[in-house]
């Protein structure tokens, strides 16, 4: 279960999880129904299997427009909300949790699902884009995949809501062939084609949902909003209310000193508060 390249959608792990999420989003049932209709129209099993395949990753989908409409019906937003909740859920440190995060890091799965939706041209909520901009470097993404997501989120020529986006990732066969040819041209010697798979199971050297200080800060803001971001106390001396970050009006602190000490972490997620009309 390795990877054939360092970009998005170039690992067995990615494609396995894309398939699982597609099934959870109802694509298996849509595909079964489409197969039944095609067979009733006289197409052979081979013709049906070759011509009808539904996937949330557009290059692997035979009818991206149909799947986009299905996801935009509300099922995509619902799944994104569930995955966001898992990212922000307090860690328990249990063995079951460790195994789950090891196989499918919640942060990585959120990014992967969003990337798939971009390839289809789905409508992504503004809150999703805002979260992606904070966590796309987390969850185990390789540097090449991080650069792809950075371009999609910040440009130039990045993702536009409702328009199909091309991450320009070679498919597995293209990547394998290119890698093999590169090794052949480099002279004698042996080099494995596989690289370490991202997003779980193997240590890639990238941060994950359990090691990322960015995700830790987001998790803390969500679960303990009334505690000092620096030391965790709930009140200033003599029971006075905590101070509030003047930029985001969200994070609270017991003192200016505590805020300054914590700023190197909080600045990674701090955003100007929206002004009320």
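For this structure, a couple of remarks:
- Within region 261-277, the set of residues being in contact (Cβ under 8 Å) with a residue 12 or more places away in the chain and either in contact with a helix residue (DSSP H, G or I) (Cβ under 8 Å, 6 or more places away or on another chain) or surrounded by 14 or more Cβ atoms within 10 Å (Cβ to Cβ) (or both) comprises 261, 262, 265, 266, 268, 269, 270, 271.
- On inspection, residue 62 does not qualify as out of contact with any helix residue (DSSP H, G or I) (no Cβ under 8 Å at 6 or more places or on another chain) and at pLDDT 95 or above.
Residues are listed down the side, and each one gets a yes or a no for (1) assigned to a helix (DSSP H, G or I); (2) modelled with pLDDT of 95 or more:
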residue	(1), (2)
77	yes, yes
85	yes, yes
96	yes, no
100	yes, no
112	yes, yes
115	yes, yes
128	yes, yes
141	no, no
145	yes, no
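- Test result for residue 132, under 22 Å from residue 217 (Cβ atoms), in the same structural domain as residue 27 (by TED's automatic domain parsing), in a helix (DSSP H, G or I) and free of Cβ contacts under 8 Å to residues at least 24 places away in the same chain: yes
- In region 233-260, the residues that are more than 19 Å from residue 135 (Cβ to Cβ) and either surrounded by 15 or more Cβ atoms within 10 Å (Cβ to Cβ) or assigned by TED's automatic domain parsing to the domain that holds residue 212 (or both): 233, 236, 242, 243, 245, 252, 253, 254, 255, 258, 259
- Filter result for residue 122 (closer than 25 Å to residue 73 by Cβ and within 11 Å of the chain's Cα centre (by Cα)): no
- The test for being out of contact with any strand residue (DSSP E or B) (no Cβ under 8 Å at 6 or more places or on another chain) and either under 16 Å from residue 208 (Cβ atoms) or not assigned by TED's automatic domain parsing to the domain that holds residue 136 (or both) does not hold for residue 118.
- Matching option when the condition is free of Cβ contacts under 8 Å to residues at least 24 places away in the same chain and not in a helix (DSSP H, G or I), among 157, 161: 157
- Flag if residue 67 is crowded, with 18+ Cβ neighbours inside 10 Å, touching a residue at least 40 places away in the same chain (Cβ under 8 Å), in a loop (DSSP other than H, G, I, E, B) and at negative phi: no
- Hey, residue 56 under 21 Å from the mean Cα position of the chain (by Cα), outside any loop (DSSP other than H, G, I, E, B) and buried (at least 19 other Cβ atoms within 10 Å of the Cβ) or not: no
The values are calculated or read from the model by the stated rules, or taken from the named source; none is laboratory data. These numbers were taken from a predicted model, which means no experiment stands behind them. As a convention, Cβ positions derive from the backbone with ideal geometry for all residues, glycine included, and neighbour counts pool all protein chains shown.
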